[in-house]
Amino acid sequence: RVRVEGLPDEFYVKSMRMEDQDVLDGGLNLAYGASGALRIVLSDRAGVVSGVVSDEDGNPVTGATAVLVPEAAARQGNDLFYRNANTDQQGRFRLTSVHPGEYKLYAWDGIEAMAWLDPYVLEPYRAKATSVRLAESERSETNLTVIPLAN
């Protein structure tokens, strides 16, 4: 995988190609050597997802983890397309540099960092996730109820 880091909040990596190979979704295959230039296109039209995480009684949850998980199979497991943030004292979160696309949005209190990259970890919680669809430059305000972790 190729990573581009340190972009401002309003930017995202729109495409990555090496010759005819899609590197953004498919990864970079250097098994037979590299030829040609790696072309990376950035966009300053990233989406933003924000909101509040509350418990079942409607009280804000401090320190919960809000996670945006891509729905497209080619993007699952590629952390470039995932976004996560911890909630503040009022239960608020803000996820920036979001690629346009379809996502599931989760909120947990106490999940292990990066566990959401594993589809088997996500499966028991999928029904409690919120669907989010973003176009370029779109903003989404989504309030969530914290999901209890399964034992």
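The values are calculated or read from the model by the stated rules, or taken from the named source; none is laboratory data. What you are looking at is a predicted structure, and each value in this text was computed from that prediction instead of being measured. Glycine gets a Cβ as well: all are built from the backbone with ideal geometry, and neighbour counts include every protein chain shown. For the accessible areas, the whole protein counts, side chains as well, though only heavy atoms, and no ligand, DNA or RNA atoms are used. Shrake-Rupley method; radii C 1.70, N 1.55, O 1.52, S 1.80 Å.
Data overview
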item	result
Pick from the range 33-54, criterion of a type outside the set (S, T, N, Q) and assigned to a loop (DSSP other than H, G, I, E, B), ranking: surrounded by the most Cβ atoms within 10 Å (Cβ to Cβ)	46
Filter pass, residue 120 being open to solvent by 80 Å² or more (accessible area, probe 1.4 Å), outside any strand (DSSP E or B) and aromatic (Phe, Trp, Tyr)	yes
Verdict on residue 71 being without any contact (Cβ under 8 Å) to a residue 12 or more places away in the chain and either buried (at least 18 other Cβ atoms within 10 Å of the Cβ) or over 14 Å from residue 47 (Cα atoms) (or both)	no
Number of the exception - residue 107 against (1) within 28 Å of residue 20 (Cβ to Cβ); (2) not in a helix (DSSP H, G or I)	(1)
Test for residue 113: is it modelled with pLDDT under 95, open to solvent by 40 Å² or more (accessible area, probe 1.4 Å), in contact with a helix residue (DSSP H, G or I) (Cβ under 8 Å, 6 or more places away or on another chain) and not in a strand (DSSP E or B)	no
Residues being touching a Leu at 6+ places or on another chain (Cβ under 7 Å), open to solvent by 80 Å² or more (accessible area, probe 1.4 Å) and at pLDDT 90 or above - total across the range 1-25	1
Set 121, 23, 53: member being in contact (Cβ under 8 Å) with a residue 24 or more places away in the chain and not aromatic (Phe, Trp, Tyr)	53
Complete set of residues in the range 74-95 that are part of a helix (DSSP H, G or I), touching a residue at least 40 places away in the same chain (Cβ under 8 Å) and either open to solvent by less than 20 Å² (accessible area, probe 1.4 Å) or small (Gly, Ala, Ser) (or both)	74, 80
Lone unmet requirement of (1) part of a strand (DSSP E or B); (2) more than 21 Å from residue 136 (Cα to Cα) for residue 57	(1)
